[in-house]
Amino acid sequence: MPLKVILKVRWGYIIAFIMLLVSYFLVFFTIKKLRTETNWITHSYQVINTLHSIKGELTGAETGVRGYVITKDKDFLNSYNSGSKNVFPHFNQLKKLTADNKDYKNHINALEGLIDRWIKTLTAAIASFEQNNFTISPYLVQNGETNKSLTDSLHLVVDELITREQVLRNERTDNLDSFFISTEIITIVSLLVAFVTVFYSLVTYSRENKAREEADFITDTYRKELENRINELKDVNKELKELKSIEKFASTGRIARTIAHEVRNPLTNISLASEQLKEMATENADAGILLEMINRNAGRINQLVSDLLHSTRFAQLNNQQTDINDLIDETLMLAQDRIGLNNISVEKDYGLGISYVNVDPEKMKVAFLNIIVNAIEAMEKGVGILHIKTRKENGKCIIEFKDNGTGMDEETLQRLFEPYFTSKQKGNGLGLTNTQNIILNHQGSINAHSKSGKGTTFVVTLSLSN
């Protein structure tokens, strides 16, 4: 995707994100403002309710005193006692609620003085009524006029405070409504801008993404074609290696047969001449010893030539339908003594459902045994692990022999199947050559993978039976 398009998409999303942040900020700010304004409106209702409570307590107390004077029933004094007692807690609450409003200070102070005088006037009226044998005295009449004046003043102050608080409450309600409307407009505009920028980014991204997908499809097609070519080259290279191994093996066999022919002819003459000389030199003990030495070494040379011929020539096979997993188990039984003496652990990972292979069981056991013995000798006693795995792959039977031994360097790995090449102190270097011969005789292949200090893996490939 071009850099210019990426920047457009990026800025589109950034603007949308900023608009969303602004919207969320406004939402949080609105919630906070709503809580504050709601608290103030609640505060106004509390002030108004408290003023109504004060007014009610005063009215109740005054009504109780009038009832007592008229009926002389002391039960009416319960309203007086309750009102005169509760009016001051309500006033203290009002004073606390309006402590932060300086405009209310004078009215609150005036209301406090009027309440105090009003209570004292009612108390004096009750006392005068009782002292005059429950009759209305001129003092009581005068006191009633004073009390009426105080009551009117109290109601006037309370109503004034209620009116002021109602006005303040209405202003706060109007401010909150205006704030909601402004916030709603800003939020809607922010969301519209965010929607437009996101839509623009999506359209731009979709257009360019389509072009990118087409380019990716073409690239993926080329990549798959390249992978197919690489796999084909790998298969061809593998076939070339196998052909090279077969050619090398055939060449070695021709050289071996030539050497055997050229060596055995003079060697036969030497052996015959030695036998005749031995018969002629019966009286000379030293000559007999020397002739015996000639015969013994001639026989050894003849055996070495025979071994080389056996390990490099195609032999007659007695093929049978054989279960590869059973064949490996039988081979392991042949190597059981060596495995036990070296305390080697054998791990089997046999594939299920592998068809039979058409091989000469006895010769294949020899091939597998050579690989297993080489693995045992390469591993340290007590810690060696031989992992044998079989699987089916592309119509072939694959057998892997993996050890955790000393491994081999690259030079040793390249010469691994050469006749008479060995890195062991004891051995004639024909074991793996013979193994390769047996596997190639079965139209199979054998490869080795190894690194110094990291063990060795032999991979044998055989054809499955039809």
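Restricting attention to region 359-372 and to residues that are touching a strand residue (DSSP E or B) at 6+ places or on another chain (Cβ under 9 Å) and surrounded by fewer than 21 Cβ atoms within 10 Å (Cβ to Cβ), the residue that is farthest from I388 (Cα to Cα) turns out to be D360. In this entry, L161 is excluded by the filter for residues that are under 60 Å from the mean Cα position of the chain (by Cα), open to solvent by less than 40 Å² (accessible area, probe 1.4 Å) and in contact (Cβ under 8 Å) with a residue 24 or more places away in the chain. Going by what's in this entry, would V141 be described as within 30 Å of G113 (Cβ to Cβ), at pLDDT below 75, open to solvent by less than 100 Å² (accessible area, probe 1.4 Å) and β-branched (V, I, T)? Judged against the criteria, V141 is a match. Residue check: T38 meets all listed conditions (1) without any contact (Cβ under 8 Å) to a residue 40 or more places away in the chain; (2) part of a helix (DSSP H, G or I) but one, namely (1).
Limited to region 71-86, what total is found for residues that are touching a residue at least 40 places away in the same chain (Cβ under 8 Å), surrounded by fewer than 17 Cβ atoms within 10 Å (Cβ to Cβ) and either under 19 Å from L150 (Cα atoms) or among the hydrophobic types (A, V, I, L, M, F, W, C) (or both)? Count: 1. Of the set (1) open to solvent by 100 Å² or more (accessible area, probe 1.4 Å); (2) more than 24 Å from K85 (Cα to Cα); (3) touching a Leu at 6+ places or on another chain (Cβ under 9 Å), all apply to R117 but (2). Quick check on my filter: what residues within region 348-371 are free of Cβ contacts under 8 Å to residues at least 24 places away in the same chain and closer than 14 Å to L332 by Cβ? Hits for region 348-371: nothing passes. Of the residues making up region 451-460, those that are on the phi < 0 side of the Ramachandran plot and open to solvent by 20 Å² or more (accessible area, probe 1.4 Å) number 5.
To keep it simple, each residue is scored yes or no on (1) surrounded by 15 or more Cβ atoms within 10 Å (Cβ to Cβ); (2) touching a Phe, Trp or Tyr at 6+ places or on another chain (Cβ under 6 Å); (3) not in a helix (DSSP H, G or I).
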site	(1), (2), (3)
G340	no, no, no
E347	no, no, yes
N374	yes, no, no
V383	no, no, yes
C397	yes, no, yes
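Among the residues of this structure, Y356 counts as one that is hydroxyl-bearing (S, T, Y) and open to solvent by 70 Å² or more (accessible area, probe 1.4 Å). The combined condition, being more than 24 Å from N175 (Cβ to Cβ), open to solvent by less than 60 Å² (accessible area, probe 1.4 Å) and of a type in the set (F, W, Y), is fulfilled by Y68.
Do we have G384 as of a type in the set (G, A, S) and at pLDDT below 90 here? Walk me through it before giving the result.
Details: of a type in the set (G, A, S): yes; at pLDDT below 90: no.
Here the answer is no, as G384 does not meet what is asked.
Inclusion of T151 among residues that are hydroxyl-bearing (S, T, Y) and not in a helix (DSSP H, G or I) is not warranted.
All but one of (1) open to solvent by 50 Å² or more (accessible area, probe 1.4 Å); (2) farther than 17 Å from G405 by Cα; (3) at pLDDT 90 or above hold for G427; which doesn't? In the conditions (1) open to solvent by 50 Å² or more (accessible area, probe 1.4 Å); (2) farther than 17 Å from G405 by Cα; (3) at pLDDT 90 or above, G427 misses (3) alone.
Give the residue that is farthest from S53 (Cα to Cα), with candidates limited to residues of region 99-125 that are touching a residue at least 60 places away in the same chain (Cβ under 8 Å) and in contact with a Lys or Arg (Cβ under 8 Å, 6 or more places away or on another chain).
Ranking the qualifying residues of region 99-125, first place goes to D103.
The values are calculated or read from the model by the stated rules, or taken from the named source; none is laboratory data. Since the structure is predicted, the reported quantities are computational estimates derived from the model, not experimental observations. Glycine gets a Cβ as well: all are built from the backbone with ideal geometry, and neighbour counts include every protein chain shown. These accessible areas exclude ligands, DNA and RNA; they are computed on the full protein's heavy atoms, side chains included. Shrake-Rupley method; radii C 1.70, N 1.55, O 1.52, S 1.80 Å.
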